[in-house]
Structure formats: structure tokens, C-alpha cells
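The values are calculated or read from the model by the stated rules, or taken from the named source; none is laboratory data. Predicted model, so just to flag it, every value in this text is computed and none were measured. Counting neighbours? That spans all protein chains shown, and the Cβs are built from the backbone with ideal geometry, glycine included.
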Amino acid sequence: MTNEIKQRIDMINRGEVPHGYKKTKVGIVPSEWKCVKANTLFNNVSVKNQRGNFDVLSSTQDRGVIPRDMLNIDIKYDKESISNYKKIDIGDFVISLRSFQGGIEYSNFEGLVSPAYTVLKNKVNLSKCFYKNYFKSPDYISKLNVAVYGIRDGKQISYDDFGQIQIHFAPLPEQEKITEILTTCDRVIELKEKLIAEKKAQKKWLMQNLLTDKKRLKGFTCEWKKVKLGSLCNIKGGKRLPKGYSLQENNNGYPYITVSDMKNGTVFLNKILYVPNEVISKIQNYKITVDDIYISVAGTLGLVGTIPLELNNANLTENADKLVDIKCNKFYLLCVLNSDIIQRQILDTQTNNAQPKLAIEQIRNFSFLLPEDEEQSAIANILSTADHEIELLQSDLDEWINKKKALMQLLLTGKVRV
């Protein structure tokens, strides 16, 4: 980025108008750009009673409008009422439900959508993919949220709400150039996502074979033995806070890890909650260290991982247990616990209450095959290398996603010209 562009962005961010720009209702934009109401670009269309064999489509936040059979959930609908469904074409948009995440979704498919959706079709010549990105930009989402302030989550955003929002309208050639840049980013992101999926599939294959004695590493011939988890570690439960005390947000105590903070692998604290200092002594035996392994036993069952160094000695929720004094290769054990070998046993042994739970005795009885120490280490090294490759690819993907977000902020508002 040149100094000239940086200076221009700084001026716009300060509310100053650079040469070749103007002030409008959507902010400071290039002189050739327009500020228009959305209803001057898009019509609300409702075409029903379609003949032909069309797929029924649904709106998603991350994949736009897609066929229902591509969803992981089974959405029931009355085939008798299909005549009331609306026709949608490739390049049309729908207004979906949740404004705070966007709410305007692009369709890559031709088909039928529920009459609950508002279908938008452009009525002027424009780049549809420009607005596919525009409607997902933070700038637009903030405008949409202001326009529908007070509408509860889950209520339909009306076409009138959408139509009154002022939006950017660049000259068509510039829209197309911006689309080309952002589409190139999308292709790179898609390729990296596919590569990560392939690497994860490879790791899963390795786990299914290396952890089950199906594929032996060269040089190892010792027979594996069947063991129970309880013979390899001590298992201790987390602790509920004493009555009358609650977690607090101020940094005046010890961090508290909940199941919602847990992922398979490690903990990510969205919001750090603390146990008050005055009750630490009552639950001090329920701290978890970097040497331990956690496993969630209520809510989402079977999440397994270790905590990062900065959370050493944090307090553990009563909805998780910790594995301590581990007597085998810890990473090998982590892989086993995350594999189908143990996850299937979790499904078989969980209680059938309204909130399924795992008892410590059930966890102690989880069984699997265990090789000698040297083979454990060799297998752990292979799987650790696979994890490291996935982490590097994920980091690269995250960089590209952030790069695209930054480009969207700059290109779709005209701060940077193409």
C-alpha cells in the first residue's frame, strides 16, 4: 500500500474529504460513486405456482442459499403447499432472519424457497457478486442493524426495512474489478479449506489405523495389550462453586474453565470468569494444570484436550473431569481419547437423562489397545506432525480470511480504488 493511499484512508477515517471524493449519507466516497436506497437497485419479487422439478432451497449464514439436502438437518415441509413457494434464480438474494449477522443471502442455485423469505432481484445493471460481498461487509451489517433496531432475533426483516437503507453504488466497471479481486480471494480460501479437509481426513485415517494395531510401524513387533483408562491415570471431577458465590468478571481471583470454553484439543476463553479469592481454598483440589487432560462429562460430552500455559492452575467446572498422574505418552492418550475408539464408548455409556452425563466410573472403564512406550512415542510423533501441518494450514487460511475482510472494508467503500 502506497503512502498516498495510506494518507487518503487516514483522512477519510478522520472525516476529512480527500481530492476526488465527496461526503454522502453512506460516508465519504469517490466522486463517481453514488449513494442510493437499496430499493432503487433491488425489487421484492414473488413468483409462485411454478411447474417443473425444482429443488427446495434454504438460506444459511455461511453458504448462502443452498438446497435443503445439503444441510445437516432434516427440515420438514408440506409438499402439498409447494405451489406457495417462491421461485429464485441464480444471482438472486433472499432476506433471511438474523440481521445482526447479515441477513441478506446470495443464491448460487435455481429453485424454490419458503414463502417466509423475501426474494430480491436486481432491477438495474450491477455486479451481483459485488453485492454478495457488500451485504456481508461490517459496514453494511451495522447499517442493517441500525435500520431494524428493536426487531427481536428471529423476526423477518421486511423489504421496507431493507429498501430504505442507503448503500454504495460504484460504476459498473469498478464493481466488476472489485468482484474479480474478491473472487480471487474466495478461490484461494476455498482451495486452502479443501487442503485442510484433506489433511484432516489423512489424520483420521492415521488414527483409525495406527491406534488400533491395524497398521504397525516398521521395527515394532511387541504385542499390544488391552487396558482400561483408569489403570493409566487418576480421574478427578471438577467442583461447583459453594452456595452464595458466583463467578465474576473482574480479575480478582482465579480463572474458571467451563464446557463452553472447551474445544477438542485446547481451551479458548471467550470471556474470562474468575472464582472469588475467598472461596479458592474450598475448591483448591479442583485446579487443572498443563500436565493434565480434561474431558467434558455433561452438556457436550467427550470434549478432550489440555489447557494452555497461561491457564495453569485454573479452576475446572463440575461438568468436566481431569485426568492426572498419567502413566503413558500423554499425546498418544489424547489421540486415543479423541478417536472413535473412545468416542463410541462415550455414546454407549452416557446416561439417558434430559442432560446426558458421564460418571467417573464409566470413564475409568473405557478400554483400548496400548503398545509399548517406544511405539506410543513413535505414533504420537506421526500424529503430532499431522496436527502441526493442519495448524500451519489453518493459520494461513485465517490470514487469507482476514486479508479478504480488510479488502472488503477498503474496496467496497471506495477507500481504495481499482
Of the residues that sit in segment 113-135 and are in a loop (DSSP other than H, G, I, E, B) and among the aliphatic types (A, V, I, L, M), which one is surrounded by the fewest Cβ atoms within 10 Å (Cβ to Cβ)? V124
For residues that are at pLDDT 90 or above, among the aromatic types (F, W, Y) and within 22 Å of the chain's Cα centre (by Cα), tally how many sit in segment 96-135. 3
Being within 21 Å of L333 (Cβ to Cβ) and not in a helix (DSSP H, G or I), is that true of even one residue in segment 204-211? yes
Under the condition of being surrounded by 15 or more Cβ atoms within 10 Å (Cβ to Cβ) and β-branched (V, I, T), which residue from segment 25-71 is farthest from I5 (Cα to Cα)? V56
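Can you tell me which residue among K214, K226 is out of contact with any Cys (no Cβ under 6 Å at 6 or more places or on another chain), at pLDDT 90 or above and not acidic (D, E)? Full working, then the answer.
Values: K214 fails: at pLDDT 90 or above.
Among K214, K226, only K226 is out of contact with any Cys (no Cβ under 6 Å at 6 or more places or on another chain), at pLDDT 90 or above and not acidic (D, E).
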What pairs come out if I take residues in segment 75-95 that are modelled with pLDDT under 75 and pair them with residues that are surrounded by 13 or more Cβ atoms within 10 Å (Cβ to Cβ) whose C-beta lies under 9 Å away, six or more apart or interchain? I75/V56; I75/S58; I75/R68; Y77/V56; Y77/R68; Y77/Y85; Y77/S114; S81/P115
Qualifying residue in segment 156-178 (condition: modelled with pLDDT under 95 and among the aromatic types (F, W, Y)): yes
Considering every residue within segment 281-294, establish whether at least one is surrounded by 15 or more Cβ atoms within 10 Å (Cβ to Cβ), at pLDDT 70 or above and not in a strand (DSSP E or B). yes
When residues of segment 377-418 are limited to those that are closer than 30 Å to V29 by Cα, more than 17 Å from the chain's Cα centre (by Cα) and among the hydrophobic types (A, V, I, L, M, F, W, C), the one surrounded by the fewest Cβ atoms within 10 Å (Cβ to Cβ): A406
Let me spell it out: the conditions are (1) touching a helix residue (DSSP H, G or I) at 6+ places or on another chain (Cβ under 8 Å); (2) basic (K, R); (3) within 27 Å of D292 (Cα to Cα), and R240 meets all of them except one. Which number is the exception? (1)
Taking the residues in segment 167-199 that are surrounded by fewer than 14 Cβ atoms within 10 Å (Cβ to Cβ) and among the basic types (K, R) as candidates, determine which candidate is farthest from F135 (Cα to Cα). K194
